[in-house]
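Notes follow the structure.
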């Protein structure tokens, strides 16, 4: 590599000469070529001038000398690099002066001509400087580029030694909760890395790659670390974007260096998070440098995974939440030939995750993690960890030493709906929101469906929501019965119905309820066969063109409309019959702003239905 002091010295020379060149340019000098000089007698000079062989002539009269002058000119045929300066001294007659004037000779005194000759000297010097500066600047620029490329080339090609330094994972399977089935599937990799001879005796071959598939935050990275920790293997963790750079060929070089290092330090586990960044499906329609770089990187990964066998004790783990975009060549047997699903945890999994993370925070003994797990359906492991952290922050903000159940409730609401915002609302606005939410809550109680229970009702705005009714499933729901879907439809409609019954008008606050109810009704008729049309799929789940004929699809739309109208009427009858309970729940919301599900059930029990059943 070129020493840096050489580069700095060349740079200093370049700057100095460039500064000199700038001075010449600022003084008005212009580059011109160096000239030779030819001395003639007066007669020869006059003959050459009369013959038209000279140009740029000057007559310089000598002081105190009658008629004696120095004659200067350049030969016309010598313009450019070989220009010759012609000089002579002669005593000129008036006729000779007139003849020179006709050849455009200028008449000067010695002082003005000396100044002009000084400028000409600077021009010659400037031309010399330009002749030096231009090649020297080019050489300095080339040397500088080579210096930068040599010095920093390693940053754009193979991984640095720091990035390829293996780590020993301290994570074990006991630290990973909520994905027991996935742990069972990858435990075979642990056994293979611990005792590969046992598998060789039966002729078995362990998968070279394991693809972990699941939503974000479900513990895919933790699972790969746990495998490395249990197997006491070196762990290399990178992201798919780490292989992508501006220059074509960089990604392929990094793949080769990574696998070479992993073989040298076997047993090893290579974990590539977001592997779809380099493993996505190749396309012949796309072109350009970026596509070429992606294809070369993917090809290098395919070759690298083919290049080692089970004896190398190297297993590649990839993680993605978009397996549908992966290249099929990467998923064939011999590469990522095993896919492990790491989905969202169920009720038991959420409880296990909460118990693991609860060890790092101070929970009040009154906190029931089972209730927290029930109230957080759809939460990933990362969401649950964030829930406990937000609860700890909320408790610390209120100067409490331990985390209460109310802190976790506040944290859950903040995660789901946003931070609480206190807005100035009129009495009319509060009444509209209170009756809307009271309708949702009361209709859920009246439905008799105990699988989903009212957990809390509030008219305090959060995020974009002016109020909300929170429901807690008693168990995880993997499918819905028709009565449960009917109860869901009526609960969604109850907010709008309550506004209409109690206030005599409707508002735009039910837009989300209308969309969800319409979606549910369409699924019941078009996808789930819950209509008089029977056991027949009429639309595709992806929402593309319908499967049925236009006439049948039009009839299905009429059944959707009838299903919505029928349940809207049933909801109106139910809330009209229980108008007293509806008013009491709304009044309690206006007074307290937030009430619990037990309060809703208590009020509903205290106000029996009206005799006017409509």
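The values are calculated or read from the model by the stated rules, or taken from the named source; none is laboratory data. Just so you know, these numbers come straight off a predicted model, no measurement behind them. Here the Cβ is made from the backbone with ideal geometry for all residues, glycine too, and neighbour counts use every protein chain on show.
Of the residues making up segment 173-209, those that are touching a helix residue (DSSP H, G or I) at 6+ places or on another chain (Cβ under 7 Å) and either assigned to a loop (DSSP other than H, G, I, E, B) or free of Cβ contacts under 8 Å to residues at least 12 places away in the same chain (or both) are 176, 177, 178, 179, 205, 206, 208. Selection of segment 365-418 for residues being more than 28 Å from residue 321 (Cα to Cα) and touching a strand residue (DSSP E or B) at 6+ places or on another chain (Cβ under 7 Å) yields 367, 391, 392, 395, 402, 403.
Taking the listed residues 493, 524, 536, the one that is farther than 15 Å from residue 437 by Cα, within 46 Å of the chain's Cα centre (by Cα) and surrounded by 18 or more Cβ atoms within 10 Å (Cβ to Cβ) is 524, with no other qualifying. Please indicate, with yes or no, whether at least one residue in segment 272-289 is assigned to a helix (DSSP H, G or I), surrounded by fewer than 18 Cβ atoms within 10 Å (Cβ to Cβ) and modelled with pLDDT under 75. Yes; the residues of segment 272-289 include at least one that is assigned to a helix (DSSP H, G or I), surrounded by fewer than 18 Cβ atoms within 10 Å (Cβ to Cβ) and modelled with pLDDT under 75. Being out of contact with any strand residue (DSSP E or B) (no Cβ under 7 Å at 6 or more places or on another chain), assigned to a helix (DSSP H, G or I) and over 29 Å from residue 458 (Cα atoms): is that true of residue 524 here? In short, yes. Restricting attention to segment 330-342 and to residues that are part of a loop (DSSP other than H, G, I, E, B) and in contact with a strand residue (DSSP E or B) (Cβ under 9 Å, 6 or more places away or on another chain), the residue that is farthest from residue 270 (Cα to Cα) turns out to be 342.
Could you say whether any residue in segment 391-414 is within 35 Å of the chain's Cα centre (by Cα) and closer than 13 Å to residue 351 by Cα? No, because not a single residue in segment 391-414 is within 35 Å of the chain's Cα centre (by Cα) and closer than 13 Å to residue 351 by Cα. Identification of helices (runs of 4 or more DSSP H) wholly contained in segment 351-463 with 1 or more residues that are over 22 Å from residue 596 (Cα atoms) and at pLDDT 90 or above yields 381-397. Of the residues making up segment 600-613, those that are in a helix (DSSP H, G or I) and either touching a strand residue (DSSP E or B) at 6+ places or on another chain (Cβ under 8 Å) or surrounded by fewer than 17 Cβ atoms within 10 Å (Cβ to Cβ) (or both) number 5. Considering 561, 573, the condition of being at pLDDT 90 or above, loosely packed, with under 15 Cβ neighbours inside 10 Å and either assigned to a loop (DSSP other than H, G, I, E, B) or out of contact with any helix residue (DSSP H, G or I) (no Cβ under 9 Å at 6 or more places or on another chain) (or both) is satisfied by 573 alone. Condition check for residue 595 on (1) part of a helix (DSSP H, G or I); (2) within 16 Å of residue 456 (Cβ to Cβ); (3) touching a residue at least 24 places away in the same chain (Cβ under 8 Å): one failure, at (1).
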